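Since every read-out is calculated from the coordinates, none of them should be taken as a lab result. This is a predicted model, so every value here is computed, not measured. All Cβ positions, even for glycine, are placed from backbone atoms using ideal geometry, and neighbour counts span all protein chains on display.
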Amino acid sequence: MDIKLTPEQRREYTERVREETTKAREEAGERGDEMRSQVGDRLLDVMAENFPEEYESRRRAAMLKGFGVGVAVGLLGREALRMRRSE
């Protein structure tokens, strides 16, 4: 069965295939991101269930780092405002 396509039909078909391929890749990427997120969430749940002391220790350390960064940004912001007002 030999299908005869005009050059215009061939271009249209090629363009449709490209569009569908791009769409499929984007959807696959979104699903992959979602699956990685779910696996990460489950891993944290398992860690919290099986190693509660280690989980709490890491969580506390992360919270302290975040707090420290927040304090530093606040101080820098305050000093920047103070310098700007004194100009």
Quick one: if the Förster radius is 41 Å, what FRET efficiency do S57 and R31 give, using the C-beta to C-beta distance and rounding to 0.05? 0.75
Counting helices only, and only those DSSP H runs with n ≥ 4, report the 222 nm mean residue ellipticity of the chain as the sum of -39,500 (n - 2.57) divided by its residues, in deg cm²/dmol to the nearest 500. -33500 deg cm²/dmol
Expected unfolding gain across L5-L75 under the 0.36 nm per residue rule, minus the alpha-carbon gap, is 18.2 nm
Work out Dmax and Rg for the chain from the C-alpha atoms and quote the Rg first, both in angstrom. 27.3, 84
If you line up the long axis of helix 7-50 against the longest principal axis of the chain, both from Cα atoms, how many degrees apart are they, to the nearest 10? 30 degrees
Computed lengthening from E87 to V17, 0.36 nm per intervening residue step minus Cα-Cα distance: 19.0 nm
